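Below: one structure, written as structure tokens.
Taken together, the values in this text are just the output of simple stated rules run on the coordinates, not laboratory data. Worth saying up front: this structure is predicted, and the values here are computed from it rather than measured. Ideal geometry is used to build each Cβ from the backbone, glycine not excepted, and the neighbour counts take in all protein chains shown.
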Amino acid sequence: MNQPQWLGSSGENLLLRIPKSYAMPTVFFRVIMCMLLCLFTQTIVASPPKKIKGKVVRIIDGDTFEVLVKKETVRIRLSAIDAPEKGQDYYQKSKQALSDLCFNKIVTVELLRKDRYQRWIGDVYSSKGEYINGWMIAGGHAWHYTEYSKSAPLAAAQATAKRNKLGLWKQAKPLAPWEFRAAKNKNRKKKAA
């Protein structure tokens, strides 16, 4: 019986035989391609941010509060904003503004990441869907924290609040919280020396 040319004498398929010199690069290539495909799909199909819903039980300052979720307290730092620090002008009014917005109310928090103090950084929404982070800026109760946010709508909200002299923008020379902290740390270092 005549066998086709592509079948060897023992019946093995010669077309599928790969010389040993090509076998290792082919396996290596396949492994690398598989890894790249896995990495590529991981970045495209990244999981959406985790959301929690709970009752605000404590206001720490104008950009930080605690929310009760399933009998556990979670500390939240509002993303993209920076509110006046304790000892700074407008601190109490900023804290009160956040309290008026969400204290003892149900909020939804889109958890983004944890900061160095182990607080969750998040976007916060009222039960009516209002973006509380944006409201604090628009009302002149906090700065748009441009070191961590490049949001054009938040930048515009701050510009409008500033132009209309809302909240802290009524002050002659409002001092940004990051500048206040830097000056405070500089003074602390001078006293230690």
Quick one: if you stick a label point 7 Å off each Cα along the C-beta vector at E72 and D115, how many nm between them? 2.1
For D123, enumerate residues with amide H under 5 Å from its amide H, sequence gap 5+ or separate chain, H modeled in the peptide plane. S79, E110, L112
I want to check the label-to-label distance for A182 and S127. Put each point 7 Å from Cα in the C-beta direction and report it in nm to one decimal. 4.2
Would you please give the residues with an amide H less than 5 Å from that of Y145, counting only those at least 5 places away or on a separate chain, with H modeled from the backbone geometry? I81, D82
If you plug each phi of the range 166-177 into the Karplus form 6.51 cos²θ - 1.76 cosθ + 1.60 with θ = phi - 60°, what whole-Hz ³J(HN,Hα) values come out, in order, with x for Gly and Pro? 8, x, 5, 6, 6, 5, 4, 9, x, 9, 5, x
Identify all lysines with a Cα-Cα distance to K173 below 19 Å; exclude those on the same chain that are fewer than 8 residues away in sequence. K86, K93, K162, K165, K184
Rounded to whole Å, sorted largest first: equivalent-ellipsoid semi-axes of the range 107-193, Cα gyration tensor: 26, 20, 10
